[in-house]
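Each remark here refers to the structure printed beneath this line.
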Amino acid sequence: MKTSFQLMTLMALTPTVFAGSLDAPSAPGDMGSAMYSLPSICARLQTGAAGSQNVFTEPTSGPGATGCTLNDVMNYAPALDNINGATPAEVIAGKTFWGLRNGDWGVLTGTYNTGSVCVGTATLGNVLVGQTFSGTAGLGLTDTMPNNGAVTMTPSTTPQTIAAGYHHGSGTVAGEANLVTGNIKNGVTLFGVSGKTEVVDTTEATSPATATTLLSGKKAFVNGVAVTGTVPAGANVTGAAGSLVMTIPDGLYSGSKTATANDADLVASNIKNGIDLFGVLGTYNPLIATGTATVAQVLSGQTFSNSSSSGLTGTMTNNGAVTLTPSTTPQTIAAGYHNGSGTVVGDADLVATNIRSGVNLFGVSGDPNVVNTSTGDATAAEIASGKKAWVDGSEITGTAVPVAVPKTGQTICYDASGTSISCTGTGQDGALQKGAALPSPRFTDNSNGTVTDNLTGLIWLKNANCFGTQNWPNALSSANSLANGTCGLTDGSVAGQWRLPNFKEILSLIIFSGSNPVLPAGHPFTSVQTAGGNSDYYWSASSNASTTSLAWGVLFVDGNSNPFYKTNTFNVWPVRGGQ
């Protein structure tokens, strides 16, 4: 790379003006010696007067005042104006004018067609990209509205952004023939279609019904499977006479079925005096019972006597083995008898390392290292290389390298005339190759319109010529306004995240062993300008400290860098990220 300060050197030198011969072209008095006088030239520049040539006359004395100086001539002469100077397209066709713009200097002829008046409210961004238009906003404008063509979208669980731009009408939002009420769970509405009452989640893990617990021929759904019952319907049962045990056949019994017991001992002498039992009035006088138990305090089905009554039957619910699983809220333990084999479910995962920091579950405090990482937004390029961090539930290994002076990439040595020579003993960069090793690969194409520099961690716009050439203030504004949906970006970035790189940052792209362009071989950037003219320079955001009306620019043909007036129009290459 050649870093040149030639422009600043020229600015510091005293201008030198080279004139033609000061001798008359012919002898005094000869018509061939006729020339315009300095006052005639000044009048021409001031008023456009034609002027006349005078035959040269030998002076009789030294020169006197002419009324017009060379400084006056320079002041009257037109000056370069790339901002307000007219172009041929802005001057009526056939009319001549003096062009003041760089590249359009001198007498020019207008090309603007006055046959129609351009009206309209369209501005840049309102017309399809690549199409030109004219209106009150200007003439021959080329627009930037993205042409998205046919956009096809498939609904998902979250809203999807429809990219700004033109859609030509053949795109669709996907339909689904299965989006009917019979396919949607009760209580759920999908895209305006309510679920059917009969469509339910049949998941049952604790007590799933089986064929042996359903009435024969009856159907139910359990865990998504249809189950047909095999249990026969129960009938009335009459026990054998005198039997203490009555066998109830297997079956499913409704409340209308009965069981009748026959017992030869059902006689008056076996029944307490005054008690009517199944129509038999007792005559037996038993012992006097004592006790305070009530029917609610004796297990259901068990009989007892207390101080006030005899032959009572308990009503206490027999809950058997009760198993409870902890949840987010307290659970009521049903009143009644528990046979001692029930449990409150335990969970081997109820340990500190499985609980978030600051949370206490059933007396176990969470591990300080267990945290909710959903608010993390750091990327690998923003984490030191080799270091690990958790972001939004994922472990990320950093790729950002520490600040260091990298190798230039130059491996060849040259003599004073530029001829390649052996590097041995020269002490040149190509011999020593000092600096931090360059990463491989140097750049990563992020497939979203951006490229990450694995040396600096900076993220560059992949398209190196999205904005064309602009003066320095406009270049700063264009870079600051860049956002997702423009210049091929699909990275979700917003205006204000992008910027114009500083001088050091844009120089960091250069590899000193390259030429036209001075970028690493195989780089993923597109549209890098390398024709070599002044218009192929790229602006940096850094002003020149000694002359602040200048800003630094870099040429990627050979790495040349210079300060230029901020009114020049150079290329714009936005970047984001950085220290």
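Numbers for the structure displayed
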item	result
Any chance THR530 is more than 20 Å from GLY449 (Cβ to Cβ) and either touching a strand residue (DSSP E or B) at 6+ places or on another chain (Cβ under 7 Å) or not aliphatic (A, V, I, L, M) (or both)	yes
Any hit, the stretch 342-359, residues being more than 37 Å from the chain's Cα centre (by Cα), open to solvent by 70 Å² or more (accessible area, probe 1.4 Å) and of a type in the set (Gly, Ala, Ser)	yes
Test result for ALA296, closer than 30 Å to HIS338 by Cβ, without any contact (Cβ under 8 Å) to a residue 40 or more places away in the chain, of a type in the set (A, V, I, L, M, F, W, C) and outside any loop (DSSP other than H, G, I, E, B)	yes
Among the residues listed as LEU80, LEU70, the single one being out of contact with any strand residue (DSSP E or B) (no Cβ under 8 Å at 6 or more places or on another chain) and either of a type outside the set (Val, Ile, Thr) or surrounded by 15 or more Cβ atoms within 10 Å (Cβ to Cβ) (or both)	LEU70
Failed condition for GLY140, given (1) surrounded by 14 or more Cβ atoms within 10 Å (Cβ to Cβ); (2) modelled with pLDDT of 70 or more; (3) within 18 Å of GLY468 (Cβ to Cβ)	(1)
Tally, over the stretch 318-341, of residues that are farther than 18 Å from SER207 by Cα, among the polar types (S, T, N, Q) and surrounded by 11 or more Cβ atoms within 10 Å (Cβ to Cβ)	1
Among the candidates THR315, THR303, THR283, residue that is surrounded by 14 or more Cβ atoms within 10 Å (Cβ to Cβ) and modelled with pLDDT of 90 or more	THR315
All strands (runs of 3 or more DSSP E) inside the stretch 489-579 with 1 or more residues being free of Cβ contacts under 8 Å to residues at least 60 places away in the same chain and open to solvent by less than 30 Å² (accessible area, probe 1.4 Å)	537-543, 550-555
Considering residues of the stretch 253-278 that are over 21 Å from LEU312 (Cα atoms) and modelled with pLDDT of 80 or more only, the residue surrounded by the most Cβ atoms within 10 Å (Cβ to Cβ)	LYS257
The one condition in (1) closer than 30 Å to THR152 by Cβ; (2) open to solvent by less than 80 Å² (accessible area, probe 1.4 Å) that ASN183 fails to fulfil	(2)
Odd one out for GLY409, checked against (1) within 23 Å of the chain's Cα centre (by Cα); (2) on the phi > 0 side of the Ramachandran plot	(1)
Residues that are out of contact with any strand residue (DSSP E or B) (no Cβ under 9 Å at 6 or more places or on another chain), in contact (Cβ under 8 Å) with a residue 12 or more places away in the chain and either on the phi > 0 side of the Ramachandran plot or not in a loop (DSSP other than H, G, I, E, B) (or both), drawn from the stretch 192-217	VAL193, SER194
Verdict on THR238 being open to solvent by 60 Å² or more (accessible area, probe 1.4 Å), within 30 Å of ASP263 (Cα to Cα) and either part of a strand (DSSP E or B) or charged (D, E, K, R) (or both)	yes
Residue match in the stretch 270-293 (condition: among the basic types (Lys, Arg) and outside any loop (DSSP other than H, G, I, E, B))	yes
Hey, ALA49 farther than 30 Å from PHE556 by Cβ, at pLDDT 75 or above, open to solvent by less than 60 Å² (accessible area, probe 1.4 Å) and more than 60 Å from the chain's Cα centre (by Cα) or not	yes
Of residues in the stretch 201-235 being open to solvent by 80 Å² or more (accessible area, probe 1.4 Å) and closer than 24 Å to LEU324 by Cβ, the one modelled with the lowest pLDDT	ALA205
The stretch 145-174: number of residues that are over 22 Å from the mean Cα position of the chain (by Cα), of a type outside the set (A, V, I, L, M, F, W, C), surrounded by 10 or more Cβ atoms within 10 Å (Cβ to Cβ) and assigned to a loop (DSSP other than H, G, I, E, B)	3
Flag if VAL193 is under 34 Å from the mean Cα position of the chain (by Cα), among the aliphatic types (A, V, I, L, M) and open to solvent by 90 Å² or more (accessible area, probe 1.4 Å)	no
Residue identified as closer than 27 Å to ASN126 by Cβ and open to solvent by 30 Å² or more (accessible area, probe 1.4 Å) among LEU476, LEU482	LEU476
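So that you can scan it fast, the table gives a plain yes or no per residue for (1) closer than 30 Å to VAL345 by Cβ; (2) in contact with a Leu (Cβ under 9 Å, 6 or more places away or on another chain):
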| position | (1), (2) |
| --- | --- |
| SER134 | no, yes |
| LEU141 | no, yes |
| ASN148 | no, no |
| SER156 | no, no |
| PHE191 | no, yes |
| GLU204 | yes, no |
| THR210 | yes, no |
| GLY217 | no, no |
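The values are calculated or read from the model by the stated rules, or taken from the named source; none is laboratory data. Note that this is a predicted model, so its numbers are computed, not measured. Cβ: placed from backbone, ideal geometry, glycine included. Neighbour counts: every protein chain shown. Only protein heavy atoms, including side chains, enter the accessible area calculation; ligands, DNA and RNA are left aside. Shrake-Rupley method; radii C 1.70, N 1.55, O 1.52, S 1.80 Å.
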